[in-house]
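Below you'll find the structure, written out as structure tokens, and then a few comments.
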């Protein structure tokens, strides 16, 4: 895609004004041949002529050159998918070169910068060199800082702040995370109930239902992220650990998370297995890993965000997400990470001689092929 499209603008504006190339050339003080070359893309006007041309046609310089330093949401979505696929099939460095060229080209397109940073973080596990991984984390963090400091969109800056904090955590800087997030949690002020009431009062019942479903869906996903983290913290208190796991599994069954959002459920099983390892309850750990494997090797691919019979009003909201219903990584990368998180996890090394564990790793290996 061309960044500068002055030729077509000159032709269009000149015809709108009903003037010839000679007349435009006389006004600017150049030859007709120069104007002809501008309009046929053989050359560009000297930069000193741009304000004069823009003023003559009563447009801005940006409009004159038709410069579009922004990408649409759909363009960003397509680019993300393409680059995510490339990470699994092409050399990592060559894909990163393509990322950097795009970033440089659209450095003021903050939604793009945010997604490029997220793309880097989501594929950082492909880097085996620790120093190189740290460098890429810092590069992504730089993008998030730019978005946070320069963008006017509150939702985008909030996401950038979260991702910047995640980069600090990945880099082993917990104090920076606490400072960035003020070390406290502000009271939640969910807008969904207010929006739903407003929609209902104006007779837009279906929109009210949709807003509430979106709120429930998002909060259920977040809740399971909390369960996963909390299980890890409670591993040294077996009674508490068991109760957290019990409650989370009850909610998982209630909302059929295995089919609605299997990704959050497999995370729960991993945390549960790790907790049982800490407690030296190896049989229970293996039970959790078997449940994990059952989901991972089942017919859940390609993984997509979706609703179900209960959450039947999510489709429009899902389509409007930055990546739509796609997950941040492609299927091949996801399958590989589901294998690595078990097989290459030192926590589970105590199970390496167990036949049940060996059977699990074999199934996960086949799932990657």
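Annotations for the structure displayed:
- Among the criteria (1) surrounded by 14 or more Cβ atoms within 10 Å (Cβ to Cβ); (2) in a helix (DSSP H, G or I); (3) in contact with a helix residue (DSSP H, G or I) (Cβ under 9 Å, 6 or more places away or on another chain), the one residue 33 does not fulfil is (1).
- Verdict on residue 40 being free of Cβ contacts under 8 Å to residues at least 40 places away in the same chain, farther than 25 Å from residue 18 by Cβ and surrounded by fewer than 16 Cβ atoms within 10 Å (Cβ to Cβ): no
- Residue 25 over 27 Å from residue 109 (Cα atoms) and either surrounded by 12 or more Cβ atoms within 10 Å (Cβ to Cβ) or at pLDDT 90 or above (or both): yes
- Filter pass, residue 251 being within 21 Å of the chain's Cα centre (by Cα) and in a helix (DSSP H, G or I): no
- The residue of region 337-359 that is surrounded by the fewest Cβ atoms within 10 Å (Cβ to Cβ), among those that are within 18 Å of residue 262 (Cα to Cα) and in contact (Cβ under 8 Å) with a residue 40 or more places away in the chain, is 340.
- In region 242-256, the count of residues that are buried (at least 19 other Cβ atoms within 10 Å of the Cβ), under 28 Å from residue 353 (Cα atoms), without any contact (Cβ under 8 Å) to a residue 60 or more places away in the chain and touching a helix residue (DSSP H, G or I) at 6+ places or on another chain (Cβ under 7 Å) is one or more.
- Taken across region 309-316, residues that are within 28 Å of the chain's Cα centre (by Cα), in a helix (DSSP H, G or I) and more than 21 Å from residue 225 (Cα to Cα) do occur, with at least one present.
- Of the residues making up region 66-93, those that are assigned to a loop (DSSP other than H, G, I, E, B) and surrounded by 14 or more Cβ atoms within 10 Å (Cβ to Cβ) are 66, 67, 68, 71.
- Filtering region 94-138 to residues that are out of contact with any helix residue (DSSP H, G or I) (no Cβ under 6 Å at 6 or more places or on another chain), closer than 15 Å to residue 71 by Cβ and in a loop (DSSP other than H, G, I, E, B) leaves 107, 108, 109.
- Taking region 9-22 as the range and being in a helix (DSSP H, G or I) and surrounded by 14 or more Cβ atoms within 10 Å (Cβ to Cβ) as the test, the residues that pass are 9, 10, 11, 13, 14, 21.
- Looking across region 79-95, the residues that are within 14 Å of residue 127 (Cα to Cα) and within 19 Å of the chain's Cα centre (by Cα) come down to 87, 88, 92, 95.
- The C-beta contact set for region 223-241 (first residue closer than 10 Å to residue 278 by Cβ, second residue not in a helix (DSSP H, G or I), distance under 7 angstrom, 6+ apart or interchain) comprises 235/279; 238/279; 241/234; 241/235.
- For region 328-354, the set of residues classified as out of contact with any helix residue (DSSP H, G or I) (no Cβ under 7 Å at 6 or more places or on another chain), over 16 Å from residue 272 (Cα atoms) and part of a loop (DSSP other than H, G, I, E, B) consists of 344, 352, 353, listed by residue number.
- Unmet criterion (only one of (1) over 19 Å from residue 143 (Cα atoms); (2) under 39 Å from the mean Cα position of the chain (by Cα); (3) without any contact (Cβ under 8 Å) to a residue 40 or more places away in the chain; (4) part of a helix (DSSP H, G or I)) for residue 63: (3)
The values are calculated or read from the model by the stated rules, or taken from the named source; none is laboratory data. Please read all numbers here as calculations on a predicted model, not as lab measurements. Counting neighbours? That spans all protein chains shown, and the Cβs are built from the backbone with ideal geometry, glycine included.
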